[in-house]
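Chemist: Quick one: structure below, then a few questions.
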């Protein structure tokens, strides 16, 4: 069972998302909140696996809500769902530890795909968000040169959004070994999240925007 919380100040949007998500077996929306204050009041008493969070809220923005969720319900994963597609919003979400960023311009089924991916520990970005990251890439990243050949292979797979279990399968490697490599990669690249790996991969040219299309 995947328990989901919806944070958006528009009731119609929340109800539309709730209806969409209810079409999936073993998924249930366990909470709907309209802003920061409601999340602050009820988050600690509600068990949910994934939160869909809008950035534009009436009291404090969705990035503040995401930080609150990470602090109060640290096991919960976060997907930002917003009309805001500017680079600084995306990178702030990355820094907070969001696992997904979905444009509200995207098709409804992308919400489903995002929840599926994030529930498995994978990163999910819609095409619109990938384009923003691609067009704001800054060229080569010297940190990539610090990786060994094996670490580079694993970095590319992680940066594409695969979780460690999947990387172990793709490389025919023990999962524990992948976790060790991942720790070394995070340290060498000064990365803190899967989103960071994706950003560094795009900025360095190690992975390309076209690979996600």
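The values are calculated or read from the model by the stated rules, or taken from the named source; none is laboratory data. None of the values given here were measured: they were computed from a predicted structure. Every residue, glycine among them, receives a Cβ derived from its backbone with ideal geometry; neighbour counts consider all protein chains shown.
Chemist: Just name the residue that is surrounded by the fewest Cβ atoms within 10 Å (Cβ to Cβ) out of those in the stretch 160-205 that are outside any helix (DSSP H, G or I) and in contact (Cβ under 8 Å) with a residue 40 or more places away in the chain.
Modeler: 190
Chemist: Here is a further query. Residues that are closer than 22 Å to residue 19 by Cβ: find the helices (runs of 4 or more DSSP H) completely inside the stretch 29-148 holding 1 or more of those.
Modeler: Here the list reads 36-42, 62-72, 109-119.
Chemist: Ok, one more. Name the residues in the stretch 73-91 that are modelled with pLDDT of 85 or more and either touching a strand residue (DSSP E or B) at 6+ places or on another chain (Cβ under 6 Å) or surrounded by 15 or more Cβ atoms within 10 Å (Cβ to Cβ) (or both), would you?
Modeler: 73, 76, 77, 78, 79, 80, 81, 82, 84, 85, 89, 90
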